[in-house]
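Student: Sharing a structure below in structure tokens format, with a few things to ask.
The values are calculated or read from the model by the stated rules, or taken from the named source; none is laboratory data. Bear in mind that the values here come from a model prediction, so they are computed numbers and not experimental data. Here Cβ is always computed from backbone atoms with ideal geometry, including for glycine, and neighbour counts include all displayed protein chains. Ligands, DNA and RNA are excluded from the accessible area calculation, which covers all protein heavy atoms including side chains. Shrake-Rupley method; radii C 1.70, N 1.55, O 1.52, S 1.80 Å.
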Amino acid sequence: MPIYIGFDASTQSLSAMALRVEGATREVVCAHALSYDEALPHHGTRHGVLPSDDPRVAASSPLMWAEALDLMLGRLSADPRLDRDQVRAISGSGQQHGSVYLAAGALDTLGTLDPARPIAAQLGGCFARPVAPIWMDASTGPQCAELAAALGGADAVARRTGSRPTARFTGPQIRRFATADPAGYARTAHIHLVSSYHAALLAGRQAPVDPGDGAGTNLMDLATTDWWPAAVQATAPGLEARLPPVAPSWTTVGPLSGYWQARHGFPPARVVTWSGDNPCSLVGTGLVREGRVAVSLGTSDTIFGAMDAPRVDPIGTGHVFGAPMGGFMGLTCFANGSLARDRVRQVHGLDWEGFAEALRHAPAGSGGGILLPWFVPEITPVVPEPGARAYGVDLDDAARHVRAVVEGQFLAMARHSAWMGIHVGAIHATGGAAANRALLQVLADVFDARVLRFEVGNSACLGAALRAVHADARASGRDIPWDEVIDGFVAPLAEPPIVPVPEHVRRYAALRAVHAACEAHALGHGPDPAAAQERWRRAVPIEN
Ligand code: XUL
């Protein structure tokens, strides 16, 4: 029975998941994960990142990633649950935005590796730059400003590429390298994303970038899903010749290279173009069409969903990426997620059960009080200097303080994701804090949408494996519907969904304007919001 493998090359680890799929049989055969720090300590990473004196700089090692792939294919090969001969197709997900700089001849090397030796020992001459800047890098502010100026302003770049010039995005990173190290840039023959680099390693040849990850570069035109010549030219000289082609997410790169076949005993399985972790998560959380969003409640909180059209965020903090099904996806990220909830929890000496209890005890709407929980610099809206701001919230009252932090987060999420234009019928909640039903009740009430919980798993890895299923069927002449692809793998937990409470929905609908007024005031471009709060209190007479 055919087996499909998905990889997830994330910041801290490499994971793999194998699925068995045929007709009604759909099961996870096995899943593995290796942490870069633990499995490959000689590369000296911490949480997958190389140490740096400059806190704005974040890079990792592309050699380490290749070594991890070798190790992982070895583990899969040795797993008795996995019948290697049945592996039909392989795809993957990569942390977005990171870039790998390959020297001339590197692709030939990948195609002619000696299976008797580990890959890492054979890549010596392959890298024009030994490190790969990753998404946590924030060192390219000047390059973002230069690119905005060259391309008609930040908003013009956002309309074309889906995002304003953004520090972690690949284009500004390439520009920084090309100017800081012109000799290194001159040695560079190919610039890969983390995703396309891994696909090239597996296939032993050039691999394309898909529109999901291509949109994370500030270099791809959403309208053509191809590189935007003006941005490519403005970014660095001769960049066009160094970028891989952009191709649909289901494109076959080639068969698994002879190296992996001979070294770990796999068949010439189809290597399918890799994508970014967020686009893969879209598939892995079952959001294969517009109408639902996923809310991931982790260290940071993220909201994302499929979009039929590339609608762009007018305030510029959201991102539009290609979706692996075709079409697009919107994503907005909030830095003050679990971290902010945890701060408030600790102020009142509560455990998480106590936090949930407190949440239930305060009235919905906190009497018109608003907390802007910017404990660390916030991405959405942009708040470079941290500092939480409270408007009419009794911070000594644990229940009200807890309620206000959660409401402040979800009101911000609802307002700052409205640009996606998605009519949210249901929310798929994931991430650690999704364990808390009281929290999800507020989410349901603020969005006026049902909330369904999904098993917390590696949705990017699952999404990658499911993309391999889809691409293999398509290449075999069967354009399999996405609902059929995800069927049996992506299902909500067997529990009643969390449904909105009409009275709370009414209060929050009115509270959005108050939240907007408080935020504008805190950011220094709005009047004192007390009048807006007073209007809300008169309109919504509740137990205060
Ligand atoms: C998205 C982003 C992160 C990385 C993490 O824009 O930077 O989600 O993809 O791997």
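Student: Quick check: from the Cα gyration tensor, does segment 192-325 come out rounded (a/c under 1.5), prolate or oblate?
Tutor: oblate
Student: Whole number in Å², please: accessible area per residue of the chain, 1.4 Å probe, ligands, DNA and RNA not counted.
Tutor: Here the per-residue accessible area is 37 Å².
Student: May I pose another question? Grab the DSSP H runs of the chain that are 4 residues or longer, score each as -39,500 (n - 2.57), total them, divide by all residues and round the 222 nm result to the nearest 500 deg cm²/dmol.
Tutor: Counting only the DSSP helices, I get -11000 deg cm²/dmol.
Student: Can you give me the C-alpha center-to-center distance between segment 1-37 and segment 356-372, rounded to a whole angstrom?
Tutor: Here the answer is 41 Å between Cα centres.
Student: Pairs of Cα atoms under 8 Å, at least six residues apart: use those to get the relative contact order of segment 299-373, whole percent.
Tutor: Over segment 299-373, the number comes to 29 percent.
Student: Still on this structure: Which length gain, in nm to one decimal place, applies between GLU353 and ALA475 when the Cα-Cα distance is subtracted from 0.36 nm times their residue separation?
Tutor: Once the chain is fully extended between GLU353 and ALA475, it gains 38.9 nm.
Student: Cα axis of helix 194-203 to longest principal axis of the chain: angle in degrees, 0 to 90, nearest 10?
Tutor: On a 0 to 90 degree scale, this one is about 30.
Student: Then there's this: May I have the convex hull volume per residue, in Å³, for the Cα set of the chain?
Tutor: In the chain, the Cα convex hull volume per residue is 145 Å³.
Student: When only Cα pairs under 8 Å and 6 or more residues apart are kept, what is the percent relative contact order across segment 320-441?
Tutor: It comes to 28 percent, rounded to a whole number.
Student: Still on this structure: Expected output is a single nm value to one decimal: the length gained when fully extending between ASP54 and ALA241, i.e. 0.36 nm times separation in residues minus the C-alpha distance. What is it?
Tutor: Result: 64.2 nm gained on full extension.
Student: With the Cα gyration tensor of segment 357-438 giving a ≥ b ≥ c as the square roots of its eigenvalues, does the rule (a/c under 1.5 for rounded; else a/b larger than b/c for prolate; else oblate) give rounded, prolate or oblate?
Tutor: Note, shape of segment 357-438 comes out oblate.
Student: Just order 2-12, 95-105 by mean Cβ neighbour count inside 10 Å, highest at the front, would you?
Tutor: Ranked by mean Cβ neighbours within 10 Å, highest first: 2-12, 95-105.
Student: Multiplying the sequence separation of GLU495 and ARG538 by 0.36 nm and subtracting their Cα-Cα distance, what value in nm do you get?
Tutor: Here the segment from GLU495 to ARG538 would lengthen by 11.7 nm.
Student: Another question, if that's okay. Just to verify a number: FRET efficiency for GLU484 and ALA435, C-beta to C-beta distance, R0 = 35 Å, to 0.05?
Tutor: The pair GLU484/ALA435 has a calculated efficiency of 0.70.
Student: Please report, as a whole percent, how much of the solvent-accessible surface of the chain comes from carbon and sulfur atoms (probe radius 1.4 Å).
Tutor: Carbon and sulfur atoms account for 54 percent of the accessible area of the chain.
Student: Quick one: which of 16-22, 377-383, 319-325 comes out on top by average Cβ neighbours within 10 Å, and what's the full order, highest first?
Tutor: Ranking the peptides 16-22, 377-383, 319-325 by packing returns 319-325, 16-22, 377-383.
Student: Take the eigenvalues of the Cα gyration tensor for segment 450-544, scale each by 5, and report the square roots as semi-axes in whole Å, largest first.
Tutor: The three semi-axes for segment 450-544 are 46, 19, 11 Å.
Student: OK, next. Determine the shape class of segment 1-156: with a ≥ b ≥ c the square roots of the Cα gyration tensor eigenvalues, call it rounded for a/c under 1.5, and otherwise prolate if a/b is greater than b/c, oblate otherwise.
Tutor: Here segment 1-156 falls in the prolate category.
Student: While we're on this one: Between ALA309 and LEU339, what's the calculated FRET efficiency when r is the beta-carbon distance and R0 is 25 Å? Round to 0.05.
Tutor: My answer for the efficiency is 0.15.
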